[in-house]
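Encoded as structure tokens, the structure appears first; notes follow it.
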Amino acid sequence: MTPYFHLRAVPPSALRNSTTWLHRLFQDDWTTVRERIGRHREEVLDPGYLRYELLYTGGPCPHPAGQDTGADVVRGGRPVDPPDPDEPPFLLLTAAQVTQVAAFLTSADFDSLWRRARDEVLPQYGGEDAEPEARGVFAATHRDLTAFYAQTAHYGDAVVKWLVS
């Protein structure tokens, strides 16, 4: 099965440091997951998630209060290692970090982000001929991540991330 990157909003009061609890957090059926995605309470990135990260970390850009919040959008967060060393760690963003990421995303200019990352991204998508399609995928993902983080920040929630296979 192809791995994908899963992001889930969690009220800070419900957040546990237990890997058993964190595993259960990502065991819902796809109908439930899709419903939460529709409400911007959960987000799933396809196997290209590392490429999406390039959009936010691909070079110098302005960040709120001089912080590198672009690095937190996809893979940022405090790691919590599962007992099985072959599994990737869970990543936790606090409510304050979520607010910073939401501010970064809502103020970011997609065209500027794309120009900064395109030279590194396009070869992985088929070159310049594939730019309209690749740009469209990145723009849609950016909109989805912006909506997810903005809604999560609005509720004052934290985010748990995990690479699921």
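The values are calculated or read from the model by the stated rules, or taken from the named source; none is laboratory data. Treat the numbers as computed from the prediction; the structure is a model and nothing was measured. Note: ideal-geometry Cβ built from the backbone for every residue, glycine included; neighbour counts use all protein chains shown. Heavy atoms of the whole protein, side chains included, go into the accessibility calculation; ligands, DNA and RNA do not. Shrake-Rupley method; radii C 1.70, N 1.55, O 1.52, S 1.80 Å.
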*Rounded, prolate or oblate: which fits the stretch 79-165 when a ≥ b ≥ c are the square roots of the eigenvalues of the alpha-carbon gyration tensor, with rounded for a/c under 1.5 and prolate only if a/b beats b/c?*
oblate
*asked:* Give me the percent of accessible area attributable to carbon and sulfur for the chain, probe 1.4 angstrom.
replied: 51
*Mean-position separation - Cα centroids, the stretch 146-162 and the stretch 75-116, in angstrom*: 10
*With +1 on each Lys and Arg Cβ and -1 on each Asp and Glu Cβ, how big is the dipole of the stretch 1-127 about its Cα centre, in debye rounded to the nearest 20?*
320
*Would you work out the charge dipole size for the stretch 110-165 about its Cα centre, treating the Cβ of every Lys and Arg as +1 and the Cβ of every Asp and Glu as -1, and quote it to the nearest 20 debye?*
240
*For the chain, find the longest principal axis of its Cα atoms and tell me its angle to the long axis of helix 95-107, 0 to 90°, nearest 10.*
20
*When only C-alpha pairs under 8 Å and at least 6 residues apart count, what is the relative contact order of the chain, in percent?*
39
*When the helices in the chain are scored as -39500 (n - 2.57) per DSSP H run of 4 or longer and the sum is shared across all residues, what 222 nm value do you end up with, to the nearest 500 deg cm²/dmol?*
-15000 deg cm²/dmol
*Using 0.36 nm per residue, how much length does the chain from residue 120 to residue 28 gain when fully extended, once their Cα-Cα distance is taken away?*
29.6 nm
*Top to bottom by accessible area (1.4 Å), largest first, where do 154, 40 land?*
154, 40
_At 7 Å along Cα-to-Cβ for each site, give me the label-to-label distance between residue 46 and residue 111 in nm._
2.6
_I'd like to check one number: the per residue accessible area of the chain, probe 1.4 Å, reported in Å² as a whole number._
50
*At a Förster radius of 22 Å, what calculated FRET efficiency corresponds to the Cβ-Cβ distance of residue 128 and residue 71, to the nearest 0.05?*
0.20
*Given 0.36 nm per residue, what is the gain on full extension from residue 139 to residue 151 after removing their alpha carbon distance, in nm?*
2.5 nm
